[in-house]
Amino acid sequence: MNDLTPTREQRTAALEGMGCKRKRVEDIRFTQGKGNYVDDVKLPGMLHGDFVRSPHPHARVKKIDDSAALKVPGVLAVITAETLKTVNLAWMPTLAGDVQMVLADGKVLFQNQEVAFVVATDRYAADDGINAVIVEYEPLPPLVDPFKSMDKDAPVLREDLVGKTTGAHGPRKHDNHIFEWTVGDKELTDAAFNKAEVKIKEMISYHRTHPSPLETCQCVCSFDKIKGELTIYGTFQAPHVIRTVVALIAKLPEQKIHVIAPDIGGGFGNKVGAYPGYICAAVASIVTGKPVKWVEDRIENLTATSFARDYHMTTEIAATKDGKVTGLRVHVLADHGAFDACADPSKWPAGFFNIVTGSYDFPTAHLAVDGVYTNKAPGGVAYRCSFRVTEAAYCIERAMDILAQKLNMDPAELRLKNFIKPEQFPYHSALGWEYDSGDYHTAMRKMMETTGYAALRKEQAEKRAAFARGETREIMGLGVSFFTEIVGAGPSKNCDILGIAMFDSCEIRMHPTGAGIARMGTKSQGQGHETTWAQIIATEIGIPADNIMVEEGNTDTAPYGLGTYGSRSTPVAGAAIAMAARKIKAKAQMIAAYKLEVHEDDLEFDIDGFRVKGLPEKFMSMKDICWAAYNSVPPGMEPGLEAVSYYDPPNMTYPFGAYLCVMDIDVDTGVYKVRRFYALDDCGTRINPMIIEGQVHGGLTEAFAIAMGQEIRYDDVGNVVTGSFMDFFMPTAVETPHWETDFTVTPSPHHPIGAKGVGESPNVGGVPAFSNAVNDAFSFLGSTHIQMPHDFWRNWKAAKDLGAVA
Amino acid sequence: MIPGSFSYHRPASVADAVKLLSDLGEDARPLAGGHSLVPMMKLRLATPAHLIDLHGIAALKGIRRDGQNLVIGAMTTQHELLASDDVARSMPILHEAALLIADPQVRYRGTIGGNVANGDPGNDMPALMMTLGATYRLEGPGGSRDVAATDFYQGAYFTALEPGEILTSVSVPVPAAGHGYAYEKLKRKVGDYATAAAAVVLTMAGGKVATCSIGLTNVHETPLLAADAAKAVIGTSLDAATLKKVAAAAEAIMAPAADARGPVEYRKHVGGVMVTRALQRAASVAK
């Protein structure tokens, strides 16, 4: 060795592998406006489609008159349910086992429902055409309140289901009932409550909100009549699933369907399912023989494509008087709107809501979920969370605070007392999950020490005394949240989409010069896969991340995968990448052994190549092995260096975190200030700390928005009143608090690299932290639970109801 | 979110613009910054057949002194208001309020003329103009006339503008040296209209309020001048009892609509709070 020989540290650093704060390679094009999004796709002769939508939440469609529209210059066709019936596409399956109207078939069931699809030579003409379509409606009584959906005299919404006593998930109790799902031991739980020393019960609502990605849902469909091939460019979080769905419902051979998801401007669950726009654009292309583009506007996105949440969770905890929890009972009323279009890749209609026991050692628990129809937009999707996990985390984290208040205990203390202990992992929860790993006490104590939790509580006590003396009109709240996520959908024993197991995949091809391409079944919508996937490969096989190109989103070239949502990419595809890379490495080791003339067992991997044990100068770099793979492989071995892995995870992963929100509220206006927000995340092995930090910032900003005002609201007669960013709270940089991030590392024992996933943790854990802060602020005035969202006027109303404002 | 078709006109003089407006009648709308009109057109709630863009008229631009008044051309943008030293020095409340209008992108485009002429009760400048005693110059087919801001607003989106008339400038009397001022605006986020806002301009003498004017934004179908409330503070040192009385007097004339910003009761209550806070802050900066 001489001075020019790189050190081990230098060689490692050159790879920019796992643990490196590698800058996002995709940002080079994004920050220069050079991304290629669906709306950038412009094909020769392309037409534009747009929807006539219902002004009524519930009405019979008497007549659709398109004669004037067809006379509008540029309008070529008006597609209705009657048109779609000729190709058997008036209805489509949802991911939750229900069916959904593509275009209004006899009735409309929510305001802004798609009624007709106008196809024209440009968007202006399409919109002119929409305004010329005359639809005659007969209004019907709307059903808005989910708590009234199963009343005897409730209007029946789904006439297609009348008389069907069984749905996709078992018996139905009412024409507006979708499913009932129960988990846990009812008898044991009832017994725990019967002998409980202390009990709490609260109806905790998680209001209706929306993922609202920057880019709305859109597609370009192009049908080639000669080849009989359909190409679809779309904002798809799961392109292969879309291809299969299209093959199944359009009866096209799957090899003749090409689905391409180009750059995507955010998904957050909004782009998992199939929407009427996709079907209509495809049919329009088949009918006209021209490519057809459909681009949703913001109002359509907020009011028609899938919402999230609308879960109403009656929650009870049984405990001893010294604060040990002994039982949990939860009943959920789930409002799915007009169709159960919940993106639900599990075998259960309420996803993973049975993670509701959270981070606590509940000896017994029982859960029942009733899904119902209302005259609202269909859904609900998992808005930056694993399926129904954020609802569950909010439910248990609010309930633990309510219990702490009842016991007059500090909420952090109560949590510490009830945490699953490190030695209990793998931990079997009362509702059936096997938690892989965790060290909750360490994370909680680190949060408390770093934030000066005890001092903050002291300050709060002083401020409360000052408030009582009339010296201040500001109250202070501390919001503690300790969440356990369940992500990485998922093991084939638990998870499937339309019967397809939820594995994921990676194909790696190494080129002769020591570069390579990795193709994935996942699809980044901003997560930075092009950066992080290459980092995993870099560490696994010793080729610099810069030399690995990552490609996703084209179903013709990518191996079949189930897409990106539910924080599943790292737990599932991340594992597939590692496994494929290890196959490459195993073959490389055989090639190196042949070239170095030793037995392969005599080789050890050393950062970026193989070295002969005990003979440090005998080394062959991975770069050289790549070259050798194309010209001098051992006799009998096939040339080339590539591998594919399809990974079916043995278990879910369970990221967790400890969050604290410090908030001050002016009772005279309800205006709040987030003084401080601390987020400690444990996502196991950390692939790129900078990307994790970015994910946490983004997720916390969404959590802040949801808890503090973001709401899809309907008035009493079913009009959606939050159809734009004027009233749907989308915080800007000005409103967004400063985020402090921190971490512990508890690797997943069953994941090849120990990673757990992080994208959704901050949304899941952030919402209860904000809500607990507001509730904690008001608790000394006598409140137990104030529903979200906590916008200014509702905070003021809480203060007024509690007698703090005259 | 796609507008219908329309013809576009870009006159070079006020006379040409007035003539176009008169000739084309109700199908024509003048276009200033477009922040209200263009979204309405995209929603097809407004479907003018003709847009008369005022950006080509140089005479509508600029800020100049005219004796004790500051005369601001209607097409002066909020950004230009903010960039004006004269405004910042002589009329700091205008600077403060302009900064609370949306965000820099909006302020680069949004104009004072559009803001005051549209009759939108959510706009910030109308109440401020009433508080400052401003006058609007209107030019129409029959010549020009001046209308006091306090006489201009008749209802939501209804103003004293007659068919064919354009608001060409705003003349604002410069407040007395040493005056106190404040514009207190409660809004949910950047870019939002006020849940309630109050403008106060006052002078102090010997620790007591000598003169006072109070304007209110977005708590009624028109901007309001809270005359009774303003009268109630004269001669007082803004003690707690007075502030309570003043807030009540201001709330008495408010009639906001319930919306996503909150119910009527809340919007009136915070309207009173904004008045109280604006008075206190104005008094604290008065010399």
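For region A:775-806, residues that are away from chain B (no Cβ under 14 Å), assigned to a helix (DSSP H, G or I) and of a type outside the set (Phe, Trp, Tyr) total 4.
Would you confirm, using the coordinates I've provided, whether A:Leu109 is under 19 Å from A:Thr374 (Cβ atoms), assigned by TED's automatic domain parsing to the domain that holds A:Ser222 and in contact (Cβ under 8 Å) with a residue 12 or more places away in the chain? Yes, satisfied. Per the listing A:Glu187, A:Glu202, A:Glu159, the residue uniquely in contact with a Gly (Cβ under 9 Å, 6 or more places away or on another chain) and among the acidic types (Asp, Glu) is A:Glu159. Quick one: would you say A:Arg445 is out of contact with any Ser or Thr (no Cβ under 7 Å at 6 or more places or on another chain) and more than 26 Å from A:Thr744 (Cβ to Cβ)? No.
Selection of first residues in region B:86-105 that are within 14 Å of chain A (Cβ to nearest Cβ) and in contact (Cβ under 8 Å) with a residue 40 or more places away in the chain and of second residues that are of a type in the set (Ser, Thr, Tyr) and buried (at least 17 other Cβ atoms within 10 Å of the Cβ), restricted to Cβ pairs under 7 Å at least 6 apart or on distinct chains, gives the following pairs, ordered by first then second residue: B:Leu100/B:Tyr183. When you look at A:Phe728, is it part of a helix (DSSP H, G or I), surrounded by 18 or more Cβ atoms within 10 Å (Cβ to Cβ) and in contact (Cβ under 8 Å) with a residue 12 or more places away in the chain, yes or no? Answer is no for this residue. Taken over region A:603-631, the criterion of being free of Cβ contacts under 8 Å to residues at least 12 places away in the same chain and either in a helix (DSSP H, G or I) or among the charged types (D, E, K, R) (or both) is satisfied by A:Glu604, A:Arg611, A:Lys613, A:Glu617.
May I ask you to verify whether A:Lys164 is surrounded by fewer than 18 Cβ atoms within 10 Å (Cβ to Cβ) and touching a residue at least 12 places away in the same chain (Cβ under 8 Å)? I'd like the intermediate steps shown before the answer.
Numbers: surrounded by fewer than 18 Cβ atoms within 10 Å (Cβ to Cβ): yes; touching a residue at least 12 places away in the same chain (Cβ under 8 Å): no.
No, not satisfied.
Within region A:118-139, at least one residue is within 14 Å of another protein chain (Cβ to nearest Cβ), in contact with a Leu (Cβ under 7 Å, 6 or more places away or on another chain) and more than 30 Å from A:Leu498 (Cα to Cα).
Only a single criterion out of (1) within 25 Å of the chain's Cα centre (by Cα); (2) basic (Lys, Arg); (3) farther than 20 Å from B:Asn123 by Cβ is not satisfied by B:Lys42, namely (3). In region A:1-91, counting only helices (runs of 4 or more DSSP H) that sit wholly within it, the ones holding 2 or more residues that are in contact with a Leu (Cβ under 9 Å, 6 or more places away or on another chain) span A:81-85.
Here is a yes/no grid of residues against (1) surrounded by fewer than 24 Cβ atoms within 10 Å (Cβ to Cβ); (2) without any contact (Cβ under 8 Å) to a residue 60 or more places away in the chain:
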position: B:Gly114; (1), (2): no, no
position: B:Met130; (1), (2): no, no
position: B:Gly143; (1), (2): yes, yes
position: B:Gly155; (1), (2): yes, no
position: B:Gly178; (1), (2): yes, no
position: B:Gly191; (1), (2): yes, no
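Evaluating A:Gly479 against the criteria (1) outside the structural domain of A:Val671 (by TED's automatic domain parsing); (2) assigned to a strand (DSSP E or B) leaves one unmet condition, (1).
Only residues that are in contact with a helix residue (DSSP H, G or I) (Cβ under 9 Å, 6 or more places away or on another chain), without any contact (Cβ under 8 Å) to a residue 60 or more places away in the chain and not assigned by TED's automatic domain parsing to the domain that holds A:Leu641 were counted in region A:492-526, giving 0.
Strands (runs of 3 or more DSSP E) wholly in region A:296-407 with at least 1 residues that are farther than 30 Å from A:Phe117 by Cβ - which ones?
Numbers: elements: A:307-319, A:325-335, A:365-372, A:379-381.
Result: A:307-319, A:325-335, A:365-372.
If I filter region B:38-49 for residues that are among the β-branched types (Val, Ile, Thr) and over 23 Å from B:Val172 (Cβ atoms), do I get at least one hit?
The answer is yes; a qualifying residue exists.
The combined condition, being over 17 Å from the mean Cα position of the chain (by Cα) and more than 14 Å from chain A (Cβ to nearest Cβ), is fulfilled by B:Val14.
Here's the yes/no breakdown for (1) surrounded by fewer than 24 Cβ atoms within 10 Å (Cβ to Cβ); (2) under 30 Å from A:Ala125 (Cβ atoms):
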site	(1), (2)
A:Gly277	no, yes
A:Ala284	no, yes
A:Ile317	no, no
A:Thr326	yes, no
A:Cys342	no, no
A:Pro363	yes, no
A:Val369	no, no
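The criterion of at least 2 residues that are buried (at least 16 other Cβ atoms within 10 Å of the Cβ) and β-branched (Val, Ile, Thr) is met, among strands (runs of 3 or more DSSP E) falling completely within region B:16-89, by B:69-73. Out of B:Gly119, B:Gly164, report the one residue that is outside the structural domain of B:Glu221 (by TED's automatic domain parsing), under 11 Å from the mean Cα position of the chain (by Cα) and either in contact (Cβ under 8 Å) with a residue 40 or more places away in the chain or closer than 18 Å to B:Pro30 by Cα (or both). The unique qualifying residue is B:Gly119. Among the residues making up region A:482-491, a single one is over 30 Å from A:Met92 (Cβ atoms) and either free of Cβ contacts under 8 Å to residues at least 60 places away in the same chain or assigned to a loop (DSSP other than H, G, I, E, B) (or both): A:Glu485. Of the helices (runs of 4 or more DSSP H) entirely within region B:219-285, those holding at least 2 residues that are closer than 23 Å to A:Asp715 by Cβ and touching a helix residue (DSSP H, G or I) at 6+ places or on another chain (Cβ under 8 Å) occupy B:264-285. On the stretch given as region A:742-774, residues that are out of contact with any Phe, Trp or Tyr (no Cβ under 8 Å at 6 or more places or on another chain), of a type in the set (S, T, N, Q) and either under 19 Å from A:Glu702 (Cβ atoms) or within 14 Å of another protein chain (Cβ to nearest Cβ) (or both) total 1.
Considering only region B:179-206, state which residues are more than 14 Å from every other protein chain (Cβ to nearest Cβ) and under 25 Å from B:Ala88 (Cα atoms).
First, pick out the residues of region B:179-206 that are more than 14 Å from every other protein chain (Cβ to nearest Cβ): B:179-183, B:199-206.
Answer for region B:179-206, where residues must be more than 14 Å from every other protein chain (Cβ to nearest Cβ) and under 25 Å from B:Ala88 (Cα atoms): B:His179, B:Gly180, B:Tyr181, B:Ala182, B:Tyr183, B:Ala199, B:Val200, B:Val201, B:Leu202, B:Thr203, B:Met204, B:Ala205.
Give all pairs with beta carbons closer than 6 Å in which a residue from region A:465-477 that is farther than 12 Å from A:Leu781 by Cα meets a residue that is part of a loop (DSSP other than H, G, I, E, B); count only pairs at least 6 apart in sequence or on separate chains. Pairs found: A:Ala466/A:Thr472; A:Arg473/A:Val667; A:Arg473/A:Asp668. With respect to (1) surrounded by 22 or more Cβ atoms within 10 Å (Cβ to Cβ); (2) out of contact with any helix residue (DSSP H, G or I) (no Cβ under 7 Å at 6 or more places or on another chain), the lone exception for A:Val119 is condition (2).
The values are calculated or read from the model by the stated rules, or taken from the named source; none is laboratory data. The shown structure was predicted, so the numbers you read here are calculated from the model rather than taken from an experiment. Don't worry about glycine lacking a Cβ; one is built from the backbone with ideal geometry, like all the others, and counts go over all protein chains shown.
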